[in-house]
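I have placed the structure first, in the form of structure tokens, so that the comments after it can refer back to it.
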Amino acid sequence: MKKWLIFGSVVIGLGAALLIGMIVTVVIYFSKSLPATYTLTNYQPSVVTRIHAGDGRLIAEFASEKRVFVPISSIPKRVIWTFIAAEDKDFYQHSGIDPRGIARATLSNIFNIFSNRRPEGGSTITQQVAKNFLLSNEISFTRKIKEILLALRIEKNMTKDHILELYLNEIYLGGGSYGVAAAAIWYFNHSLEQLTIGETAFLAALPKAPNNYNPTLYPDRALERRNWVIGRMVEQGLITNDEANKAYAEPLVIREKSPGESVQAEYFAEEVRRELVQRYGESVLYKGGLTARTSLDPRLQQIADRVFHNALVAYDMRHNYRGPFARGSAGNLVERLINLPSLPILPSWDVAGVSRVDAKGVDLLVKRGLQTPIIGRMNWENMEWAKNSQIQNDENGDSNIVPKFSKATDVFRPGDLIYVEKLDGKAGQYSLRQIPEITGGMLALDPHTGRVLALVGGWSFDLSEFDRAVQAFRQPGSSFKPFVYMAALDNGMTPSTIVLDAPFVQDMPDGSKWNPANFGEKFIGPAPMRLGIEQSRNLMTVRIAQAIGMDKVAEYAEKFGVVDRMKPELAIAIGAADTTLMRMVTAYGMIVNGGKKITPSLIDRVQDHTGRTIYKADTRPCPGCNQLNQFGTPPEIPDVRKQIVEPTTAYQMVSMMQSVVTRGTGAAIGAALRRPLAGKTGTTNDFTDAWFVGFSPDLVVGVYFGFDKPTSLGNLESGSRLAVPVFRDFMAEALKNTPPIPFRIPTGIKLVRINPETGALADGSGKSIYEAYKSGTEPRPGDNNNVGGGGGDKGDVGSGLY
């Protein structure tokens, strides 16, 4: 018996020695290929970059991993201990691994191998940090051994709090969210401090398999897992039974951000994104956690979006209806609607399927997300706007075109998918809509700083990311004329200089003849220069440009930034050179601000992930800004803007463009708003582009419409008809409840009462206006036929007929 005991002891000893030897061998073998843990000490997590509007509201986020880094000292204790209770209750006691957990997982995995189930991990929080930061997600014993060894090393080199900080900021918790702070916002729109016990427990339930506990897809499974964590919290003494019962009773509801918490401005956000990439590179943008405060005014952006889209829809309703956007069987209509992806429509619109058609209208099934569609009706009077359209009624060929229709059965059939809009005050009633093919852009800007306040780049960013306010080069038409007139005002002419409005022909180098025309093919003969811009007379503008020389016109177009290197061709005087809406709006801003150079900007300030300011748009020196002043007097900040034209010239141009709004091609604006406004319409050949750019003393707004592939908008679809109403409606809301501010008159301007039709001094009979002259160029009594120009240094350059 004694021999057997000795033999057994020897066997056990040899076995233990062999096991220890094997463990040592494994440790030595795998230690050679382990990644270094020191990288965790200086770990910089990938953090989301956020773009904010001028009022602080969120516009957009850019990130490779949506994460908000929060130091462990700022994470609430309840959040920390809830994750510990759910994931690793002995975290503060073990040295990186939990032998009991590993043994339990090993036994379970023996059975899992035979049942083809996924192996269990039994990992501590430290092991999860090792896996997430230093290893792959490969499921193997090799990776598990490395994970254990790394966990032991990490525990030697880092504090428990540092390990927790890495873990709570790195873990993926579903919904594209990394870390507890981002997940709290994603699921509940709460900061960590605002989380309830139930919400905290749900987040702590996610690390094992966030997709399996998606509360939208698997609500029962998610609720069960959350309640299990609440039970663990009770066991660990984190909450009382009463608190637990209240938490159990909490409904598991995903809370989306309310519309007022963020701003929809996709085109603006994309311009900001491009600028940040240009400045700092894509890696910093998507991983660096930048914070950009922008110039966007959410109120003005909302107004711009609404009036611009309304104008596109109004234009589209004046022209052809192009039929249903999809056709198919009515038998599976509900399924087709439910599975239909999101479409680029207005918030007030819906997608509907036609379930039945009769002569007086159609019965509808209106899409409601993933829910069963609701029943609706669209009567004939709510689709009658499309009655003159040409509809392709045969989906398989070019035949069976309906040139016009008088009843719904001419166009629609069961199974059609269409766009509709709910009628106010009429339950279940809808009107017909379609996504316009026409597009364009709109931009609002502060003329004193160049800060872009609102930007619309097209119908929908989802439909097309091409920004027509910034990227589209189009001919501006007559909206270019102010730069011709300013060049003239600085080269001997005055607003009352007489210019001939009559047929004009120019011989071209190729032997052809260029003969521009006025809109409407009418002529008014000799007329003051003011009338030329007021009524947008092409032939007067061409004669002015010819008189002063196109080299001077090119000089003004270039220094105002409208065109970079302009060809001195006479046709460009009436807007034949390509430019962008942003350039035009910026140039008009330099007119109304008194001729000061401005550069358009969308970003006011950029901060890095530590809060340090790394960029400021306003670079003006301010030596007294950081000093306390007991008397409260603000420091004087110098105006460093370059003067590109004299303030007197700029004001004369402003005054002349006021006539456009009060009596000219933009008169619809003056009649409706009756406050100081100015601007200029623009329409290109064949009504291809329609423009209006205008301003109040402190706000510049431009809008243009056209097809992406230049095509006629249709007869009489001019800047006056298309663009002017948009400017008018925008300004009506933007300036609502603000007092009218007159345009600022600079020193060196004299206002003289003249006859606007002849340019002569007013004699008390007939019409009269106050004309703006530079001192020394104003007409004087007794000048007789010296119409529009006078004494002073200019001599009588204005008395001739141009």
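What order do you get for 736-744, 230-238, 351-359 when each peptide is scored by the mean count of other beta carbon atoms within 10 Å, highest first?
The peptides rank, most packed first, as 351-359, 230-238, 736-744.
Students often check this: by mean Cβ neighbours within 10 Å, which of 619-627, 272-280 ranks highest, and how do the rest follow?
Highest-to-lowest ranking by the protection proxy: 272-280, 619-627.
Compute the relative contact order of segment 564-617 as a whole-number percentage, counting only Cα pairs closer than 8 Å that sit 6 or more residues apart in sequence.
It comes to 19 percent, rounded to a whole number.
Give me, ordered by chain and number, the residues 5 or more places off Asp501 or on other chains with an amide H under 5 Å from its own placed amide H.
Under 5 Å from the amide H of Asp501: Ile524, Gly525, Ala527.
So, with a 1.4 angstrom probe, what is the percent of accessible area on segment 225-319 that is carbon and sulfur?
47
From the square roots a ≥ b ≥ c of the eigenvalues of the alpha-carbon gyration tensor of the chain, which class results: rounded (a/c under 1.5), prolate (a/b over b/c), or oblate?
It comes out prolate by the Cα gyration axes.
What order, most packed first, do the peptides 282-292, 713-723, 509-519 have when packing is the mean number of other Cβ atoms within 10 Å of each residue?
Ranking, from highest mean packing down: 713-723, 282-292, 509-519.
Pull up all non-local amide H partners of Tyr615: gap of 5 or more, or a different chain, and H-to-H distance under 5 Å with H placed in the peptide plane.
Val606
What is the dipole size for segment 535-582, taken about its Cα centre, with +1 at each Lys and Arg Cβ and -1 at each Asp and Glu Cβ, in debye to the nearest 20?
For segment 535-582, the charge dipole is close to 200 debye.
Any idea of the accessible area per residue across the chain, 1.4 Å probe, to the nearest Å²?
48
Just the number, please: carbon plus sulfur as a percent of the accessible area of segment 474-525, 1.4 Å probe, no ligands or DNA/RNA counted.
55
What is the percent carbon and sulfur in the accessible area of segment 547-693, measuring with a 1.4 Å probe over the protein chains and ignoring ligands?
Answer for segment 547-693 is 48 percent, counting heavy atoms of protein chains only.
The values are calculated or read from the model by the stated rules, or taken from the named source; none is laboratory data. Here the structure is a predicted model, which is why all the values come from computation and not from measurement. Here the Cβ is made from the backbone with ideal geometry for all residues, glycine too, and neighbour counts use every protein chain on show. For accessibility, only protein heavy atoms count, side chains too; no ligands or nucleic acids. Shrake-Rupley method; radii C 1.70, N 1.55, O 1.52, S 1.80 Å.
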